[in-house]
Structure formats: C-alpha cells, structure tokens
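A.B. asks: This is the structure, below, for whatever I ask next.
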Amino acid sequence: MNSTEVLSHTDLSGPGGGGNPAQICLGCGTCASACPMTGIEGFDPRRIVRLGQLGRFEELGESSLAWLCTMCGRCQEGCPMDVRITDMIREARDLGGEKTVPQAIGKGIEMFMETGNNLGLPDEDFGFIVEDVAEELTEEPGFEDFVLPVDKEDARLLFTLHNKLVNTQNEDLKHWWKILHAAGESWTLPGSRWEGVNWGFFSGQDQVLKAGVDTIVGNMERLRSRGLMYPE
Amino acid sequence: MFDLLVEYISTQRIRLDRDRIKKKAVYHDPCNYGRKSEALFGHGYFHEPRWILNQCLEHWTDMQPNRARQYCCGGGGGLMLTPYEEQRKYYSRRKIEQIKNSRAELVVVPCHSCHGHIRAMLDAQGPASIEVKYLWEVVAEALVMD
Amino acid sequence: MKEAARALVMGGGVSGLKAAMDLARAGCSVFLAEKQAVPAGLLLGLDRQFPSNHCGLCRVLPPDPSGRTWQACMRRGFGHPGIEFFPGFEVQDIQGSPGNMSATLIRQTLMVDSDKCNACMQCVEVCPVHMPDLFSTGQIPVKAISRAAPHRPPHHLAISLEACTLCGRCRDACREGAIDLDAAREEKVLDNLDFAVLASGVEYCLPEVYNLYQSAAHADVITTLDFEALLSSAGTDIMRPSDGRPVRRAAWVQCAGSRSLKLEADHCSGICCMISLKQASLAREKDIQCSIFYMDMRTSGRDWQKYLDRAREKGVELIRCRPHSIEQVPEEQILRIPHAPSPGNQQDRDFDLVVLSVGRDPAWKPPEYAGREGVFTSPGSRRVLDIARSIIAASATAATALGEDRQESLPDQEAKDQDQVHSRVLVVGAGPAGLSAALTLAAGNIPVVLVEQKDHLGGHGLSNISPEQRKEVQDLAARAMEHKLVQVYPSAAVISCTGPAGGFKSRIRDSSGDEKEILHGAAVLATGGRAAPVARQEDRTADIFEYSRRIFAAGNSGEAPESVIFILCHNTRQEPANYCSRVCCSLALKSCLQTLSLRPEAEVTVFYRDIMVQGDDEELYTRARSEGVRFIPYSPDAPPSLEAKDGKIRVKGSDPYLSEESEYEAEQLVLAPGVVPAAGSEMARIFNVHSSAEGFLCEADAKYRPVESGRAGIFICGLARNPVPFKEAVLEGRAAAMSALGLLKQGLDSRLQTFVRVKPALCSLCGLCLEACPFKARYAHEETGAMAVDPLACRGCGACVAVCPNKASAWSEQLEENVHELN
Ligand code: SF4
Ligand code: SF4
Ligand code: SF4
C-alpha cells in the first residue's frame, strides 16, 4: 500500500462538496444491508454516518460502533452517495482518544513504538526463531541448500513479516521461503524492525502510521533493496 | 505479492503440479486486496489470485457473492484484536454461510488476518473440519522441485 | 389562420400519437415517424396500467363518428385520416428553419410483406442474431427478425435494423419472396415542414449495462418492463424465467439506475414507484407474496397515495431500505436480500423473483436536434412521465408549436359573436393554467371569455418564488388583457351552466351583482387552489408558501432565521386529505437552500415522511443534504410534537438513526399542510362534473383523457383538477385548450352525425336514459323537456338504447344495419 495515500486519509471531501461529506447521506440503508455487523447491539452504518453528519466524531470513537466496524468497505462499495464510511471510522477512532483503543491494539502500538514490532520481541529472539525454522526447512527434500538471507544488502526484495508468523505460527514462514527459493529470488529479511503490520491504520493514529512506514523505508535504505514485500 | 507469484509462474521460474491438492477449495477475497484496493487505487486484485489458483489446483470455486461484493471475514479493521468476540461471531456468520454453501473442504486466502479469523470462526461455529490455507501455501505445496 | 400547416411528429408512443392527433384535429397535415413497426411504444409492453389496472390505450383516440379510428385497438395498428404514418422510420436529422424545414428519415425497422408472408417462420429460424427479449417470456427466441409486436398476427414480421447484419439468410430462406432487404437503406425526406414535435420519450435503463445487482448473473432478477411481459402472458400463476416454476414470493427494488451519484444519476424517474405498486397489487391477485424495497414512496399525484393505501390493504409489503445486493442461495434457486428495515436491525428475505424498478437511462440524452428552432420537445422526451402527464405534455407541446406557428399569420379579426357562438370557449380562472388555456385558444382563433374572481389576472402565479415564472405569468396576463379574442371579466364568477356541448349557456355574476348570460361551445375550468389552512400557535409558525415568499422576497439581501424546522406533510397525505400536494417538498428544499445561502450557519431541520421530488428536482434534495440540512423521517402515527416556549419553537421528535428522542429548538417553524382546490366542490356542482372527496375536479379517464371531465365540452386543468407545480399547470392549461379546440373544430364539421336518436312519439319522458349515459350526452331539452342527445358527447355505447323501456331510444339509421349485423 502506498504510504502517501494512507497518510492523507483525513481527506473527507465527498462528491457533494461543501462541509461534511457525510451530510449527503440519503439514509437509504444500502450500507446497513451490506454490513454483516448491522443488527448487533444496535450497530448500523447509518448510525455511524448520522453521528458523523452531526460532527459527533468523539462520541462515535468512544462508542463500540467505531470498534465493531471491520473497515471492510462493503458499505462504501454500495453507497449511492459515495459516503466514505471507513474513513469516518478511522477519524473517529483517532478522535476517540487513546483510552478507547482496545487493549491488544494499544499494547501492540506501544510495543511497536518502543521496539519496532508489535510483539515487543527482542531482535535476538527473533533471529533465533527464524534461523530455527530455516534449519527445519533444509530437512525437506528440494530445500537442502536453503540459506535464510538475513540483512543481505542489495537484494531485489525486502521481506517484512506479519508478527503472528513469528509469534505462534512459525511453520507458515516456510511457504514463502520455499517459493522464493524455488524461484531463485534475490531477497532479504531484516534482522531488526521486521514488522510489516501497521496498527496505526486500525487506531486511526497518524503518527503511528507514519512511524511504521518510516521503519520500512529505513530498512530499505539501509539494505539498499529495490522492492518491498509486505504481508498486508 | 500477487504480481510476484504471477511473475514466477508465468515466466516459469517456478513450476507447479495441479494434481497434488485434491480437496475442493473455495477462494476468499480479502477486503484490502479486492474491494478497497479497487476503490483506492483503481485496481482490485480479483483476477490474479484466481489465475494463480487455476495453476495450483483442479477444483476450486467462488463464494457467492464475491469480488467487490464479498463479505469480510469479520476480523478486519483490528476487530480481531478486540474483545468483541460475540460480535465477531455474529458478523462472521455470513462468511461461514458462504463457505458452507460452497461445499468446499478448503478455504484459500491470501491474507494473514483473514486466515486467522476464518480459522478461528470455523473452529468456533462452523465445521472445524474445513481447512484454511494461504494462497502462497497452496503454491508452495504445488511446487515441483527437481 | 394559415391553411394546413405541415407538421412532423417524432415518436409513435402515446405522446406522439396524442400530439399527432391533436395537430390533425387542429387542421394540420401531420407526418408521424415511429421507429418500431407498430405504434404505442413502451405501452406495447404495458398492458395493464394503474389506477384502473387495465389497458385503455384506445381511449386516447378522439371520438370519430365516421368510425374510421373509433375504438380501434392501437396495439394492432393505427390509421387516421389526417396523419401520414411512417412506421419503421426514425428521424435522423432536421435542417432548415421553421416554415421551411426538411427532415431525413431513415429506416430502423423493416417490415416483411404481410401479403406474401405465410408465417412459416423459416426466416426467424435461420436468423443468427439473437435479441434481448422485451415482451415475451423466453419461450420463443427473439431474433433480429421477429413478430412485429406480440399483439400482431404471426405473418406480421419485422426486422430490427439496429441488430440486423443484412446477412441475407432470411431473404434466402423465404419461399414467398416477402423479404426485401434492399429496402433497409430506404430514406425518406420530408420537405416544407412548418415545425416538428419531438415526442419520442426517453430510453430506459438496462441494468446489465450498469451491473445493477448483478442482474446479468441471475435469470430471475428482471426489470419492471420484463415483469409486464410476464404478467401479460401469465395465467393463474406467474412463471419465473429461470425454471418456469410459479412465483410465490416476489420483490421489487426501487430506484434501479436512479438516485445515485455513483451512477451519475442524480434524478428520480418519477413513475417507477407507481409501476411497482401496480405490479405488486396485480401480483397479489395471484396470491404472490409481494415486498417493495424503497427509500421514498413517491406517490405524487392526486390519487396515488390512496392507490398505495389500497396496495397495502391488498397485502403488498413496503420495506424502507435500499438493498446492497441480491444473493443467490446455491442449489435452492432462491434469491436472498439482506436488508435493514429499521436502523440496527438486519434481516434476510428470500424470493423467487426480484424485479428491478428501472427508470431513465442515466446516460440518455435527447437527440441533438431537440433544441433547434422549430423543433418543439415534449417534456416527456426529457424525463420519464406517467401516461396522463405524457399525454398532457404532448398536447401542450402541440399547442405551443401551433401557437408559435400562427404568430405571424394570425388574422386580427374581431370575434363575430352571434354566428360563432358555438366556437366560443368559457375559461374560468385566470391563474397560470387558465391564462395558458385562454391564450392557446385565442391563438387557435377561438374567442374566449375569461372569468376571474379576483380583480386582477395571474392568480397564485404572481406570488411564485421564481422571478422568471412570475414574469411569465405577468406576460400571460398582459397578453390576455390585450388579445382581441379574449374577453376578460374580472371580479366575476360563473353561477350556472346548462345545455349540451357546443351550446352551453352560462350565467356570470360580477361583484356588483349584475348577471350576464354567455353562450359558448366549451368550457375550461381552471379555478386553481390555495394553501390548506394550518392551526398556528403563534407567529413563529408559517406555512411553506408564506415562508418561501418571505425568504425569497428580498433576493440575496434578505434575512433568514438562525434556526428553522420544517414539518412536511403536516396533516396531509392522510385522511381526510389523503393526497400528496406535489409542490411542498421542492418548495421546502428551495427554501432550505435559500435560508442557508442567506445565513450559512443557520440550523435547518426537516421532518419528512417521503421526500417527493421528481425528475431532476432530485438534485435539490441532494444539494440540501450536502449543504447540511438535517432530514429526519417520521411516520404519520408518530408525528413530531410541537410546543412554543419563550419565543422559541420546540419540536419533539425521534431520530430513527440514533434511536434517540430529542427536542429541537428553532426560531421559526414551517409547516407544509398542502394545497386544496380553491373552489372546492362548488365548481363541480355548477358545471355538473365529478369531483373527488377533497373537491378536486375529476376527469373522465385518469390516464388517457386527463383534461376532459365526464361531461362533454367541459375541460379541467391545473390545481382545480389536481395538485400541480407551476410548469405543469401551464401545460395542463394548454392541453385543456387543445382538447377544447379539437372538439369544437371537429364537432362543427360532424354535428349532424349521431350514433343514437330519440323517437319522440315513443318517449314517455321517464328519464332512465339520462342516468344510463356514462358520457352525460343525454339531456332534457330546456324548454320542451324532451330527451335529447348531445352529438359531441355521445360515443355510441348504446347504453341508452338498452335501457329504454319504450324503444324510443334507437340507433341512428346509418348505424342500425351494422348493429344488427353484430347481433
Ligand atoms: S466497513 Fe464497517 S460499517 Fe462498513 S460494511 Fe464493513 S464493517 Fe460494516
Ligand atoms: S449507503 Fe450511503 S447514502 Fe445510503 S444510508 Fe449508507 S451512507 Fe447513507
Ligand atoms: S423514488 Fe423515484 S426513482 Fe426511485 S423508484 Fe420511486 S419514482 Fe423511481
């Protein structure tokens, strides 16, 4: 995903021009029909939009409405008035303030800002985990000569990781490694700041989002990689 | 990611065997690569993963609805990380119905969140016997090494 | 008057037919081009129309005692002595200036020679081009060569040249030599035309083109046009297209291709709501469960809200929600619609069939020549109109064209009173409708007596918020005052009207009590309407008319309140005033926008039931929302409650989206109580015509003869007939004048021809025939008391012949023979 596009997320200008683009909502219910969450605890995208219309973003961010949305964008896809509901959700989550950010996300973000990954995993441990998996891989037929290219400079591709692969689902690291190996790709895995998941996107916090992007750009510069592979 | 796989397969940097996976599969379009990418960048990755699947296995199908109108797995937007478990289950009923309706034994997804969430929801409410695999996992399994 | 103007009418749908017939009756030589092989256009596929739920296309035809067009079914063909019909031709271009225009017609449909054709259908068999199946149900393949129309005999085949590749296979297959493909390139040029009327309508939205609800992927997702076909071919059940199983549950989805910025369709198609209601009502008769998904039910016509109530009583379910998608449940062949009927509540509903209510194609534009000088475009060729409004618009356009054509050639002669008594027309009411009627008649060289209750002309038109429209009315009033053929009686009222069409006697009384008798051949009733009264607690309450006048009065330098609350449909659209007044919503929207432009920070809140804007007025609604007007829907069983306190207005209402009951405060309260007919049922009594419970004058036939009252020679228009916005009042006035004009012209020629006669020797004066006549053509002679027949009103239905116990009521001699034959 292109970082500049992401960072300009608060551009809420809709086709109706003028002030608040949520105002153009017709109340038609397309969004509510589309959203699988409609109906639980009174959840309804029309409610989100109505609060947005009235400028009650903070209230929205503090309510469960903002956090029950998966930002899947199905509502928006159908909206005949092109109301950007998910943009509004991110805005609201940000304005709702840190106290409303669900614990796991808040914690992850804190960790990320401190250590460079959402798990707070020290680089040493990371190195140990991935090397271990790499060794396992060499035991499979066809991959005997596999070597994990950690911090290799001038590689064509830089690979960031989803923290869950490092955390619990180590086995799943292998699939891509196999493909890259079979294709004879020139690639590298950063030994530190390998996190590819940006939770600032969920919380709506721009500074977190930016820090995430900076990390990756930093890595690319450091290792002089030409391309980037991103888990999401 | 899709582009890379397509590149490898179409230039024959990797070779695949379509007969290894026998299970009937169904493909899930993640919101971010499909609908949202289409809205944001003008291109949704709808065609590529389907092409890749065609190279990897014989039997697969689409969910109804699919592509831009597909249902989210229910774990997006950070919801997976929240304590709203009941709500997530409610939300995901749509996805589970879709999976059941497809009569597939294997769900293929190209996204970590979707993978995790669909797995969790199948375990919690659906037929837990249905497998969930990454798209690249399917590719890796079909890899012909010589 | 210039003799026999040459007029071209483009489009052979109901609008084109009406315009052509009006022009022919007014003495023009008319050329009518229609690209299909048969006339009637869209109506070919609509064989049952609301509110009567059956067809009545033939009723658009003028009564013609010669029997040449009388009561012929127009689905089968069309012939009229004054009209040269070019079926299969479309106008490609128009050149030249009024009075000397030439039009190039190109073939669009090629007819197979029906004298030679023996209906072997070999040609259809071999044709390789398949076509979308508009009328049939999928059983018979539709090809480029096919039956000309479903109601045509099988040996009437036609080739659609839009699809045909001219491959020649049909010609080669035909053993009778009935197909002449060379005629495909046939062109016709019509020269020396005085003017042209464009009445070819608009194109309908094809859902596949816009990928609406993925209709292409589901055989059982069809359009309202398709449903008409299913309905007309249905027996006891309606069969669904995919597998021929009977439909048990059907859904209608409104606004398919309308009311969407994403589709660049910021318009309302205006008639789809009523079409769906009609279809669902008819489907209920086949015991089908019917649900309509809608946003606003736009029942904006005099009788439409009642029609909706009836549909509801029949069990049609209305669900206020626009669905996002239609899902197919695999294997079960079910279409599932997830929807959220009220905020925070989601449900799935399963259907066998889903009908998309389609309107105008968002990409449709009128042809390029529509704006040329001398080409008069009917409003029905700019937006979708229902049948009655199409007919009114077509008639009015014909009137305008005629009027302009005659401008220079109008002889400045005094009305010759005594001997032209039958051709004079009494127009009652000098608002926009009445003035338009009077001037249209005068332009047709018909003397007019214009009676107005007030001391000045213009009526409500003078307080219209639009400066252009005010100016238009002032001009009309000035022209009426000056016109030599228009005799104006201000401050006067009609108190009685007796006699038959062609020989009415009316008394008018002026403000000083003086009475005068007027002889006239026809009358146009245009007595207008006024705002329904509202109970106001204090001066912070205004009705929508007052408020709009006030806020628009000072142009852009006026003052606006800092907060205003509108309550639309205030005590209206429910019994006893169960109709939509059609003007309030757009007036309210304009007033909201004006308030905000005078005072951008103003808080504007609108409580509404359904926003009733149609056509491009939808843009007003879109703009009002995007500029921050807050719209809160309410239901008539829980209207917002009002209270005035400390100089402020307080309104308690609930916002359904937030499920919160709130109190809204404002400096100004604006109520929209609707309009009522100004003269009420008084007019109906004086002129012996029907009126509705609310006092609106009623027409003989709501669809095909919308400006004719049940009494021959009495025409009705404008607010007196039904709630209409300004522009439509003008159109109705012109259309009513056109009908009066036609009646008088034709009537004068054929006065002596009658269908029935009275044999005085046998008549016992029992009067049964007076009641039996559905056309009010029977009357008792004023002096002798003998039964008489009004030849202009009589349609020859024979009801009087049947009812007469003395055989005194009999067919005329000429007809007797034929009638016996039928017996
Ligand atoms: S983006 Fe949020 S509100 Fe919209 S459909 Fe998805 S979950 Fe529902
Ligand atoms: S789909 Fe769009 S216009 Fe309709 S209710 Fe939702 S936000 Fe409003
Ligand atoms: S609101 Fe207008 S566009 Fe929508 S269905 Fe009704 S008539 Fe058609």
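A.B. asks: Within the stretch A:68-83, is even one residue within 13 Å of chain B (Cβ to nearest Cβ), open to solvent by less than 10 Å² (accessible area, probe 1.4 Å) and more than 19 Å from the chain's Cα centre (by Cα)?
C.D. replies: yes
A.B. asks: Now, a different point. Only one of these is in contact with a strand residue (DSSP E or B) (Cβ under 9 Å, 6 or more places away or on another chain) and either more than 16 Å from ligand 1 (Cβ to nearest atom) or in contact (Cβ under 8 Å) with a residue 24 or more places away in the chain (or both): C:R322, C:R302. Name it. So that I can check it myself, show each step before the final result.
C.D. replies: Numbers: C:R302 fails: in contact with a strand residue (DSSP E or B) (Cβ under 9 Å, 6 or more places away or on another chain).
Within the list C:R322, C:R302, the selection yields C:R322.
A.B. asks: Within the stretch C:280-289, is even one residue under 30 Å from C:A693 (Cβ atoms), within 15 Å of ligand 3 (Cβ to nearest atom) and of a type outside the set (G, A, S)?
C.D. replies: No: the stretch C:280-289 contains no residue that is under 30 Å from C:A693 (Cβ atoms), within 15 Å of ligand 3 (Cβ to nearest atom) and of a type outside the set (G, A, S).
A.B. asks: Within the stretch A:28-52, how many residues turn out to be more than 10 Å from ligand 1 (Cβ to nearest atom), of a type outside the set (D, E, K, R) and out of contact with any Pro (no Cβ under 7 Å at 6 or more places or on another chain)?
C.D. replies: Looking only at that region, the number is 6.
A.B. asks: Against the definition (of a type outside the set (A, V, I, L, M, F, W, C), open to solvent by less than 10 Å² (accessible area, probe 1.4 Å) and touching a residue at least 40 places away in the same chain (Cβ under 8 Å)), how does C:D194 come out, yes or no? Don't jump to the end; show me each part of the working.
C.D. replies: On the way: of a type outside the set (A, V, I, L, M, F, W, C): yes; open to solvent by less than 10 Å² (accessible area, probe 1.4 Å): no; touching a residue at least 40 places away in the same chain (Cβ under 8 Å): yes.
Criteria not met by C:D194.
A.B. asks: Please count how many residues of the stretch B:19-41 are in contact (Cβ under 8 Å) with a residue 24 or more places away in the chain and of a type in the set (S, T, N, Q).
C.D. replies: Qualifying residue count for the region: 1.
For (1) in contact with a Lys or Arg (Cβ under 9 Å, 6 or more places away or on another chain); (2) within 14 Å of C:P341 (Cβ to Cβ); (3) within 8 Å of ligand 2 (Cβ to nearest atom); (4) of a type in the set (S, T, Y), each residue gets a yes or a no:
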site: A:G29; (1), (2), (3), (4): yes, yes, yes, no
site: A:P45; (1), (2), (3), (4): no, no, yes, no
site: A:R56; (1), (2), (3), (4): yes, no, no, no
site: A:A66; (1), (2), (3), (4): yes, no, no, no
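A.B. asks: OK, next. Can you pull out the residues in the stretch C:248-263 that are surrounded by fewer than 23 Cβ atoms within 10 Å (Cβ to Cβ) and more than 12 Å from ligand 3 (Cβ to nearest atom)?
C.D. replies: C:R248, C:R249, C:L261, C:K262
A.B. asks: Looking at (1) more than 14 Å from chain A (Cβ to nearest Cβ); (2) without any contact (Cβ under 8 Å) to a residue 40 or more places away in the chain; (3) polar (S, T, N, Q), which is the only condition C:S654 fails?
C.D. replies: (1)
A.B. asks: Could you name every one of the helices (runs of 4 or more DSSP H) located completely within the stretch B:51-144 that has at least 2 residues being out of contact with any helix residue (DSSP H, G or I) (no Cβ under 8 Å at 6 or more places or on another chain) and surrounded by fewer than 19 Cβ atoms within 10 Å (Cβ to Cβ)?
C.D. replies: Output list reads B:85-102.
A.B. asks: A further question follows. One residue is enough: does the stretch A:101-117 have a residue meeting the conditions in a loop (DSSP other than H, G, I, E, B), within 16 Å of ligand 3 (Cβ to nearest atom) and open to solvent by less than 10 Å² (accessible area, probe 1.4 Å)?
C.D. replies: Residues of the stretch A:101-117 that are in a loop (DSSP other than H, G, I, E, B), as a first pass: A:101-102, A:116-117.
Filter again for within 16 Å of ligand 3 (Cβ to nearest atom), leaving none.
Within the stretch A:101-117 (the criterion being in a loop (DSSP other than H, G, I, E, B), within 16 Å of ligand 3 (Cβ to nearest atom) and open to solvent by less than 10 Å² (accessible area, probe 1.4 Å)), the answer is no, since none of the residues qualifies.
A.B. asks: Tell me, yes or no, whether the stretch C:473-494 has at least one residue that is assigned by TED's automatic domain parsing to the domain that holds C:V651, in contact with a Phe, Trp or Tyr (Cβ under 9 Å, 6 or more places away or on another chain) and either buried (at least 17 other Cβ atoms within 10 Å of the Cβ) or in contact (Cβ under 8 Å) with a residue 12 or more places away in the chain (or both).
C.D. replies: No, there is no match, as no residue in the stretch C:473-494 is assigned by TED's automatic domain parsing to the domain that holds C:V651, in contact with a Phe, Trp or Tyr (Cβ under 9 Å, 6 or more places away or on another chain) and either buried (at least 17 other Cβ atoms within 10 Å of the Cβ) or in contact (Cβ under 8 Å) with a residue 12 or more places away in the chain (or both).
A.B. asks: OK, next. Working only within the stretch B:117-136, note down all residues that are within 14 Å of chain A (Cβ to nearest Cβ) and modelled with pLDDT under 90.
C.D. replies: Hit for the stretch B:117-136 is B:Q125, nothing else.
A.B. asks: Would you confirm, using the coordinates I've provided, whether C:D266 is within 11 Å of chain A (Cβ to nearest Cβ) and surrounded by fewer than 22 Cβ atoms within 10 Å (Cβ to Cβ)?
C.D. replies: yes
A.B. asks: Ok, one more. Inside the stretch C:289-304, can you point out the residues that are within 16 Å of C:Q254 (Cβ to Cβ) and either away from every other protein chain (no Cβ under 14 Å) or within 16 Å of ligand 2 (Cβ to nearest atom) (or both)?
C.D. replies: If the condition is that a residue be within 16 Å of C:Q254 (Cβ to Cβ) and either away from every other protein chain (no Cβ under 14 Å) or within 16 Å of ligand 2 (Cβ to nearest atom) (or both), then C:C290, C:F293, C:Y294, C:M295, C:D296, C:T299, C:S300, C:W304 are the ones that fit.
A.B. asks: With the stretch C:306-351 as the region, which strands (runs of 3 or more DSSP E) entirely inside it contain at least 2 residues that are at the interface with chain A (Cβ under 10 Å from one of its Cβ atoms)? Let's see the steps before the verdict.
C.D. replies: Working: elements: C:317-320, C:327-329, C:334-342, C:345-351.
Where strands (runs of 3 or more DSSP E) fall fully within the stretch C:306-351 and carry at least 2 residues being at the interface with chain A (Cβ under 10 Å from one of its Cβ atoms), they are C:317-320, C:334-342, C:345-351.
A.B. asks: Right, something else. Going by the conditions given, is C:A602 more than 16 Å from ligand 2 (Cβ to nearest atom), surrounded by 18 or more Cβ atoms within 10 Å (Cβ to Cβ), more than 21 Å from C:R298 (Cα to Cα) and within 14 Å of chain A (Cβ to nearest Cβ)? Give the derivation first.
C.D. replies: Values: more than 16 Å from ligand 2 (Cβ to nearest atom): yes; surrounded by 18 or more Cβ atoms within 10 Å (Cβ to Cβ): yes; more than 21 Å from C:R298 (Cα to Cα): yes; within 14 Å of chain A (Cβ to nearest Cβ): yes.
Yes: the conditions hold for C:A602.
A.B. asks: Take the residues in the stretch C:236-261 that are more than 14 Å from chain A (Cβ to nearest Cβ) and hydrophobic (A, V, I, L, M, F, W, C); name whichever of them is nearest to ligand 2 (Cβ to nearest atom).
C.D. replies: C:W252
A.B. asks: Hey, another quick one. Those residues that are among the acidic types (D, E), more than 16 Å from ligand 1 (Cβ to nearest atom) and not in a loop (DSSP other than H, G, I, E, B), I need them from the stretch B:10-50; list them, please.
C.D. replies: B:E48
A.B. asks: Taking into account only those residues within the stretch B:15-50 that are among the charged types (D, E, K, R) and away from chain A (no Cβ under 14 Å), which is surrounded by the fewest Cβ atoms within 10 Å (Cβ to Cβ)? Outline the logic, then answer.
C.D. replies: So the first thing to find is which residues in the stretch B:15-50 are among the charged types (D, E, K, R), and the list is B:15, B:17-20, B:22-24, B:29, B:35-36, B:38, B:48, B:50.
Retained after the next criterion (residues that are away from chain A (no Cβ under 14 Å)): B:18-19, B:22-24, B:48, B:50.
Working: B:R18: 13, B:D19: 9, B:K22: 11, B:K23: 14, B:K24: 15, B:E48: 18, B:R50: 15.
It comes out as B:D19.
A.B. asks: Also, quick follow-up: Is it fair to say C:K286 is charged (D, E, K, R), more than 14 Å from chain A (Cβ to nearest Cβ), farther than 16 Å from C:L353 by Cβ and open to solvent by 30 Å² or more (accessible area, probe 1.4 Å)?
C.D. replies: No; evaluated as a whole, the condition is false for this residue.
A.B. asks: Going by the structure shown, is A:G106 touching a Ser or Thr at 6+ places or on another chain (Cβ under 7 Å) and within 14 Å of chain B (Cβ to nearest Cβ)?
C.D. replies: no
A.B. asks: Hey, another quick one. Can you give me the number of residues within the stretch C:663-708 that are touching a Gly at 6+ places or on another chain (Cβ under 7 Å) and either modelled with pLDDT under 90 or open to solvent by 30 Å² or more (accessible area, probe 1.4 Å) (or both)?
C.D. replies: So the count comes out to 9.
A.B. asks: Any idea which of (1) open to solvent by less than 20 Å² (accessible area, probe 1.4 Å); (2) within 11 Å of chain A (Cβ to nearest Cβ); (3) within 16 Å of ligand 1 (Cβ to nearest atom) is the one B:L5 doesn't satisfy?
C.D. replies: Failed condition: (3).
A.B. asks: Search the stretch B:5-18 for residues that are under 19 Å from B:Y45 (Cβ atoms) and pair each with any residue that is open to solvent by 70 Å² or more (accessible area, probe 1.4 Å) when their beta-carbon atoms are under 8 Å apart and the residues are at least 6 apart or on different chains.
C.D. replies: As it stands, the answer is B:V6/B:W51; B:E7/B:R13, since those pairs meet every condition given.
A.B. asks: Considering only residues that are under 21 Å from A:N198 (Cβ atoms) and out of contact with any Gly (no Cβ under 7 Å at 6 or more places or on another chain), which ones fall in the stretch A:72-96?
C.D. replies: Scanning the stretch A:72-96 gives A:G73, A:Q76, A:I85, A:D87, A:I89.
A.B. asks: Restricting to strands (runs of 3 or more DSSP E) lying wholly in the stretch C:185-277: which have 3 or more residues that are more than 21 Å from C:Q333 (Cβ to Cβ) and over 30 Å from the mean Cα position of the chain (by Cα)?
C.D. replies: Where strands (runs of 3 or more DSSP E) fall fully within the stretch C:185-277 and carry at least 3 residues being more than 21 Å from C:Q333 (Cβ to Cβ) and over 30 Å from the mean Cα position of the chain (by Cα), they are C:187-193.
The values are calculated or read from the model by the stated rules, or taken from the named source; none is laboratory data. Remember, predicted model here, so these are calculated numbers, not experimental data. For neighbour counting, all protein chains shown are included, and Cβ atoms are generated from backbone atoms with ideal geometry for every residue, glycine included. Heads up: the accessible areas ignore ligands, DNA and RNA and are worked out on the full protein's heavy atoms, side chains in. Shrake-Rupley method; radii C 1.70, N 1.55, O 1.52, S 1.80 Å.
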